[in-house]
Amino acid sequence: LNVFELSQKINDVLTNQNLHQQLVENGFEQVKLFSWDNNAKIAIATFEQFQNKSYPPLSESFYVQWLIEKISCLPSKAADDTDLIGVANAIAQNHPKIRSRQLLIDISGLVIHDHKTGIQRVVRSIVAELIVSPPHGINIELVYANPHNGSIYRYAKKFTQQFLQKSDPNCKDEIITVSSQDIFIGLDLAHRIVLSNQKFYEHLRLIGAKVYFVVYDLLPILRPEVFPTEMQALHSEWMGVIAKLDGLLCISQ
């Protein structure tokens, strides 16, 4: 029965007194035939039969492909582009391709505009060391979010090419894919980008990834008189966001 036919049957039972009475009387007869013991024995026999059968193991890729094929058979009205993108992201996160664990290094400020600050010089030095000598089994990925592009995190492939003094005309800054095994570190200081991505960091933690931020300074909070007027409130709000994540990497006590 489809949804329309099922709703029609329910309507018939509610509006047809004779049909309703027949169902009630039939229900009493069926109750007499019911037995918890018999049903339990049937269920146990079915479970044992299923257990005794040998089924060839199926790979994870089989299930993913099966799911994709089933989704592709849905009528066009069943899901819009937003739904499909959401499902695609869920599949990518729950069934990641076999790859190295990612260490996602947020260098948003450096990518958008390198102000040559002391913090950004430190960021450059750390990035250089990580790229040259990555931890064993870890894939170093520089990432960024641009407030002029929806604040969506992307791989900083173009920046990485430039940083390594290489040139690849085909490289693109694709949207990042994250799985439960990955680690995200906010290495650069970018207040507003962090504030606009609170839900994204929460999402990373929900899927099992770890999120950490580096804290370079508390002076905007402790000595607000030597900073622009809005900096104390901005830095305090930024601290409030990152303090709720998995950990803070502080450069001093």
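Wholly within segment 99-158, which strands (runs of 3 or more DSSP E) include no fewer than the required count, namely at least 2 residues that are hydroxyl-bearing (Ser, Thr, Tyr) and surrounded by 14 or more Cβ atoms within 10 Å (Cβ to Cβ)?
Output list reads 153-155.
Counting only residues that are outside any helix (DSSP H, G or I) and hydroxyl-bearing (Ser, Thr, Tyr), which one in segment 44-60 is surrounded by the most Cβ atoms within 10 Å (Cβ to Cβ)?
First pass over segment 44-60, keeping only residues outside any helix (DSSP H, G or I): 53-59.
Among the residues that remain, those that are also hydroxyl-bearing (Ser, Thr, Tyr) are: 54-55, 59.
Details: Ser54: 5, Tyr55: 6, Ser59: 8.
Only one residue tops the list, namely Ser59.
Here is a list: Lys77, Lys41. Which entry is of a type in the set (Lys, Arg), outside the structural domain of Ile207 (by TED's automatic domain parsing), out of contact with any Lys or Arg (no Cβ under 8 Å at 6 or more places or on another chain) and surrounded by 11 or more Cβ atoms within 10 Å (Cβ to Cβ)?
Answer to the selection: Lys41.
Please note which helices (runs of 4 or more DSSP H) are completely contained in segment 167-253 and include at least 2 residues that are of a type in the set (S, T, N, Q).
231-242
The values are calculated or read from the model by the stated rules, or taken from the named source; none is laboratory data. From a predicted model like this one, the values you see are computed outputs, not experimental measurements. We place every Cβ from the backbone using ideal geometry, glycine too, and count neighbours over all the protein chains shown.
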